[in-house]
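The values are calculated or read from the model by the stated rules, or taken from the named source; none is laboratory data. No experiment lies behind these values; they were computed from the predicted model shown. Glycine also receives a Cβ, built like all others from the backbone with ideal geometry; neighbour counts cover every protein chain displayed. Side chains included, ligands, DNA and RNA excluded: accessible areas come from the protein's heavy atoms. Shrake-Rupley method; radii C 1.70, N 1.55, O 1.52, S 1.80 Å.
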Amino acid sequence: FLGAGKPPLYGDYEAQRHWQEVTYNLPIRQWYFNTSDNNLLYWGLDYPPLTAYHSFLCAYIAKLINPDWIALHTSQGYESQPHKLFMRTTVFVADLLVYIPAVILYCSSLKETSTKKKASICALCILLYPGLILIDHGHFQYPLSLGFALWAVLCLSYDWDLLGSVAFCLALNYKQMELYHSLPFFCYLLGKCFKKGLKGKGLVLLMKIAGTVVASFAVCWLPFCTNVEQIMQVLRRLFPIDRGLFEACMFSSPPPHCKFANIWCSLSVLIKIKNLVSPQTQLKLSFAVTFLSLLPTCIKLTIQPSLRGFKFALVSVALSFFLFSYQVHEKSILLVSLPVCLIINEIPFMATWFLLVSTFSMLPLLLKDGLLLAYTVTMLAFLSVCVASFSIFEKTSTEDLQLKQFSLYLKGYVSWLKAFPKIVRSLFLLSITLMGVLSLMSAAVQPPQRLPDLFPVSVSIVSCLHFLVFLLYFNVVMLWDSKNSRSQKKIS
């Protein structure tokens, strides 16, 4: 684990263990407050209440096995093989109970996977996505927020709007980063209400959804609603905006350069934004750019709500948040990768490409975790399964990439559309080669003394450029998509 045996903080594994220590030994009113028993500078809780409840549940089981694992104060930095086995088991159980069933049921529900074999292939590709495996089981975190979000998408695909709303509220109350997905959920459900008519069934549905969301949040936050200060303290922990545009991206002391693949960190290599612009202006700037980048997709989804458009909107909006929003972490790319996994059966070539880049973008973090071998094996396995299962190199035409309408629009302006499939395949191979070379150099080559961050920064910038192209691509697919409007006419 990253930080294992290295005081004073020990790493993300210790963060999860420490939250169990805090939630089990302290009363709820102290979980988010700085006290003599709860030093917030030592992995203080900074996730919503559902994460804290989950930590308490794990701690209760840990107490039955070995009380030393969660003993107040004395357990800090505790590391042993039995405890590591316990912690890894808790992640695996979370996978088995929440994430994996949602993936299997989702793939079984797809019209494009009418046979069990096709559904199994689709599920296998999603479950083999390297990014989630490496972060959940290597870097160490729980897949519950993404699992709940996937259950929400599954419910909405069956028109179980209220159950979907509950599932997404659970996701949002487990990790606040699920806000990346909140606008597509809101716009899709609001669009459905508009289509049903806000003077009739649509108004009833809107009121039911609003009531469900309020009730779900009330249940999750009830123990913290004893006074206003409790609620405000939890919110301050969830949204520490005073930290600036981006935090230190790596464990321990802040590095000289930010090392994850969003636009602000990439630009900071050339322009020291944090030195030129005040924190308040940084916040306003990131909000404005993020809002403008996702606005077209949200408007289209509200006007023409469709399940297909909803899934593509989840991708493009989450990617806008990752690239342009405030205080992004490299692991946040998983919030984009999950909805990309959901459309891997529709655009297997581009989805496979994106999922490979998303894992590559976390390479500096994975190398610090000592996950080079796991990274290499999972990347090669994922690529091999996708190539074998979907024949991705045969699906690069404008129609396969959902760009037919856009290509018809461009037909009179460009002359190279006939060579488009070949160009796309060449770019993919160039991209894979570049990622392979940078991965090898990052792992095996000593950087120049004057440029100690050369390889991590190169990985981040290359990944960021990829993501900008993907953002343009997904927005084009969303905005020029005629299937959404046709399917909506049928529903109407």
Next item on the list: Can you work out which of the residues in region 168-184 that are surrounded by 23 or more Cβ atoms within 10 Å (Cβ to Cβ) and without any contact (Cβ under 8 Å) to a residue 60 or more places away in the chain is farthest from Leu238 (Cα to Cα)?
Entry: Phe168
Checklist line | Residue that is modelled with the lowest pLDDT [pool: residues in region 36-86 that are of a type in the set (A, V, I, L, M), crowded, with 20+ Cβ neighbours inside 10 Å and under 24 Å from Arg236 (Cα atoms)] | finding: Leu45
Notebook entry, point to check: From the residues in region 191-208 that are within 18 Å of Leu163 (Cβ to Cβ) and of a type in the set (A, V, I, L, M, F, W, C), which one is surrounded by the fewest Cβ atoms within 10 Å (Cβ to Cβ)?
Noted result: Met207
Margin query: What's the total number of residues in region 124-137 that are part of a helix (DSSP H, G or I) and open to solvent by less than 10 Å² (accessible area, probe 1.4 Å)?
Written below: 7
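Looking at this structure, is Val91 under 25 Å from the mean Cα position of the chain (by Cα), within 17 Å of His54 (Cβ to Cβ) and part of a helix (DSSP H, G or I)?
Details: under 25 Å from the mean Cα position of the chain (by Cα): yes; within 17 Å of His54 (Cβ to Cβ): yes; part of a helix (DSSP H, G or I): yes.
So Val91 fits the description; yes.
Residues checked against (1) without any contact (Cβ under 8 Å) to a residue 40 or more places away in the chain; (2) part of a helix (DSSP H, G or I); (3) surrounded by fewer than 20 Cβ atoms within 10 Å (Cβ to Cβ):
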position: Ser266; (1), (2), (3): no, yes, no
position: Lys274; (1), (2), (3): yes, yes, yes
position: Thr281; (1), (2), (3): yes, yes, yes
position: Lys284; (1), (2), (3): yes, yes, yes
position: Val289; (1), (2), (3): yes, yes, yes
position: Leu292; (1), (2), (3): yes, yes, yes
position: Pro296; (1), (2), (3): no, yes, yes
position: Lys300; (1), (2), (3): no, yes, no
position: Leu314; (1), (2), (3): no, yes, no
Next item on the list: Keeping to region 112-123, report how many residues are open to solvent by 70 Å² or more (accessible area, probe 1.4 Å) and at pLDDT below 75.
Entry: 2
Check: Given the conditions (1) under 23 Å from Leu50 (Cβ atoms); (2) surrounded by fewer than 19 Cβ atoms within 10 Å (Cβ to Cβ); (3) among the charged types (D, E, K, R), which single one is not true for Asp159?
Finding: (1)
Next item on the list: Looking only at region 298-320, count how many residues are among the polar types (S, T, N, Q) and over 23 Å from Val357 (Cα atoms).
Entry: 3
